[in-house]
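In what follows, a single structure is set out as structure tokens and then discussed.
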Amino acid sequence: MPAAEKDPCKPDAGRWVPRIDRERCEAKADCVAVCPFDVFQIGRLSEAERGALSLRGKVRAFFHGNKQAYAVRAADCHGCGLCVKACPEKAIKLEAVR
Ligand code: SF4
């Protein structure tokens, strides 16, 4: 999806970043589809990331091919909140950049 036109009512990039809860994400890719700034990609959990999950998280990840969403271009986030609303697992939160 091409980058959205700048909306004067939305904050500039660099003020918010999406945080993905590794215990909840199931790689359904709704965030990839809705983000106007191509912030997300689906990737595979590293061994260290899998190791850090709870047992429930490991089982959940296993049943989804150990794939999850990654905010590969987090610096391009404009804080619109579309990904937060779209995620069926409530796995995304926006965090203010300090
Ligand atoms: S808040 Fe908006 S711009 Fe930021 S990652 Fe989510 S959908 Fe993309």
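Values in this text are rule-based calculations from the coordinates and carry no lab data. What you are looking at is a predicted structure, and each value in this text was computed from that prediction instead of being measured. With ideal geometry, Cβ positions are generated from the backbone for all residues, glycine too; neighbour counts draw on all protein chains shown.
Residues of the range 34-59 that are in a helix (DSSP H, G or I) and either among the hydrophobic types (A, V, I, L, M, F, W, C) or over 21 Å from V84 (Cα atoms) (or both): V34, E47, A48, E49, R50, G51, A52, L55, R56, K58, V59.
Taking (1) within 15 Å of the chain's Cα centre (by Cα); (2) more than 18 Å from A96 (Cα to Cα); (3) assigned to a loop (DSSP other than H, G, I, E, B); (4) small (G, A, S) in turn, G65 satisfies each apart from (1).
Considering only the range 33-50, I want to know if a residue exists there that is more than 11 Å from the ligand (Cβ to nearest atom), in contact with a strand residue (DSSP E or B) (Cβ under 7 Å, 6 or more places away or on another chain) and in contact (Cβ under 8 Å) with a residue 60 or more places away in the chain. Give the derivation first.
Going through the range 33-50, the residues more than 11 Å from the ligand (Cβ to nearest atom) turn out to be 41-50.
Then keep just the ones that are in contact with a strand residue (DSSP E or B) (Cβ under 7 Å, 6 or more places away or on another chain); that gives 41-45.
Next, from what is left, pick out any that are in contact (Cβ under 8 Å) with a residue 60 or more places away in the chain: none.
Scanning the range 33-50, I find no residue that is more than 11 Å from the ligand (Cβ to nearest atom), in contact with a strand residue (DSSP E or B) (Cβ under 7 Å, 6 or more places away or on another chain) and in contact (Cβ under 8 Å) with a residue 60 or more places away in the chain, so the answer is no.
If I filter the range 73-80 for residues that are within 14 Å of the ligand (Cβ to nearest atom), under 13 Å from V34 (Cα atoms) and aliphatic (A, V, I, L, M), do I get at least one hit? No, because not a single residue in the range 73-80 is within 14 Å of the ligand (Cβ to nearest atom), under 13 Å from V34 (Cα atoms) and aliphatic (A, V, I, L, M).
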